[in-house]
Amino acid sequence: MRRTIIAGNWKMNLNKAGVDTLVSGILNGLGALKSPPVIMVFPSTIHLSEVASAFKGKNVEVGCQNIYPSKLAAFTGETSIDQLKDLGIENVLLGHSERRQFLGETDEFLNQKVHHALSEKMKPMLCVGETLEEREANKTFDVVKRQVREGLKGVSKEDAKSITIAYEPVWAIGTGKVATPEQAEEVHAFIRKELAEVFSPELSEEISILYGGSVKPDNVKSLLEKPNIDGGLVGGASQKPDSFLGLLV
Ligand code: 13P
């Protein structure tokens with residue numbers, strides 16, 4: 001059974017005061033939620049320790065925004081899964097478009113990260129999505145297909161269930177331009193078809209595919225109603241307690 005997940009990507013947007021306010025606001029609101037989805041947050045690495053202990057035992061999963069694909073070793077400025085395990089962290093976001101765009105992460109490097117994460121029994125969330133230029137050139141499906149297939153190359157069927165995909169059209173991130181539920185569903189259905197070919201039709205039904213890009217409390221429901229949209233990966237609206245809690249419908 002695939003899970004409905006609402007995940008907050010805090011990016012590099014918050015200092016300690018912002019994190020404290022957000023964490024305590026979420027904790028205060030959790031009790032009132034009737035049947036919440038799986039809740040996940042991805043703080044900056046520097047805040048992981050504090051956030052992981054605040055949410056311990058609270059049904060909020062914590063994940064890292066990135067990893068380096070190596071055991072403990074000399075890689076200045078990077079984070080190893082060995083260090084995340086000390087904090088009980090199992091989720092890792094990989095291939096966010098900001099990392100692809102500004103830090104030059106390639107499909108090949110992301111595939112290394114996916115394999116490393118899986119070999120360490122972590123749960124990777126692989127982000128894919130086209131730019132505005134690519135969409136306007138009718139390349140959306142080509143781009144998404146390449147990112148899914150290259151990113152997951154060589155992943156075994158046994159590991160498939162540990163993976164989550166996040167479809168985040170770059171033109172919808174932080175722009176207020178949300179994809180319509182129909183636009184998002186079209187790409188999600190396409191991703192599910194790709195997963196069926198890469199793994200199997202049965203396994204493709206087990207993998208959650210989240211939508212990201214200007215998700216807000218007032219549009220989340222119409223997105224989640226679509227059969228292939230299993231949740232949201234949310235930036236801006238996840239960084240204020242009220243709007244984050246408003247997504248957990
Ligand atoms: P926004 O929700 O701010 O558009 O960001 C989406 C995103 O990049 C989540 O990873």
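The values are calculated or read from the model by the stated rules, or taken from the named source; none is laboratory data. None of the values given here were measured: they were computed from a predicted structure. As a convention, Cβ positions derive from the backbone with ideal geometry for all residues, glycine included, and neighbour counts pool all protein chains shown.
Observations
- Test result for PHE244, surrounded by 15 or more Cβ atoms within 10 Å (Cβ to Cβ) and out of contact with any strand residue (DSSP E or B) (no Cβ under 8 Å at 6 or more places or on another chain): no
- Close pairs from region 152-174: first part of a loop (DSSP other than H, G, I, E, B), partner within 16 Å of the ligand (Cβ to nearest atom) and modelled with pLDDT under 95, Cβ under 7 Å, at least 6 apart: PRO169/ALA179
- Test: residue in region 86-95 that is touching a Cys at 6+ places or on another chain (Cβ under 9 Å) and of a type in the set (Gly, Ala, Ser): yes
- The listed residues are VAL92, VAL114, and the only one of them that is closer than 20 Å to ASP159 by Cα and not in a helix (DSSP H, G or I) turns out to be VAL92.
- Total residues in region 213-249, condition within 18 Å of GLU182 (Cα to Cα) and either in contact with a His (Cβ under 9 Å, 6 or more places away or on another chain) or part of a strand (DSSP E or B) (or both): 8
- Subset tally (residues that are outside any loop (DSSP other than H, G, I, E, B) and more than 19 Å from GLU98 (Cα to Cα)) for region 46-69: 11
- Some residue of region 210-226 being acidic (Asp, Glu), surrounded by fewer than 22 Cβ atoms within 10 Å (Cβ to Cβ) and free of Cβ contacts under 8 Å to residues at least 40 places away in the same chain: yes
- Scan of region 80-99 for residues that are of a type in the set (Gly, Ala, Ser) and within 13 Å of the ligand (Cβ to nearest atom), ordered by number: GLY95, SER97
- Residue ID - surrounded by the most Cβ atoms within 10 Å (Cβ to Cβ), chosen from residues in region 129-151 that are at negative phi and part of a loop (DSSP other than H, G, I, E, B): GLU130
- Considering region 1-18, and only residues there that are part of a strand (DSSP E or B) and more than 9 Å from the ligand (Cβ to nearest atom), the residue that is nearest to LYS216 (Cα to Cα) turns out to be ILE6.
Okay, residues lined up against (1) touching a Ser or Thr at 6+ places or on another chain (Cβ under 9 Å); (2) within 16 Å of the ligand (Cβ to nearest atom):
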site	(1), (2)
GLU136	no, no
ARG146	no, no
GLU150	yes, no
SER156	no, no
GLU168	yes, yes
GLY176	yes, yes
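- Within region 19-45, the residues that satisfy the criterion of being surrounded by 14 or more Cβ atoms within 10 Å (Cβ to Cβ) and in a helix (DSSP H, G or I) are VAL19, ASP20, THR21, LEU22, VAL23, GLY25, ILE26, LEU27, GLY29, LEU30, THR45.
- Residue in region 181-188 that is surrounded by 19 or more Cβ atoms within 10 Å (Cβ to Cβ), under 18 Å from GLU130 (Cα atoms), modelled with pLDDT of 95 or more and within 10 Å of the ligand (Cβ to nearest atom) present: no
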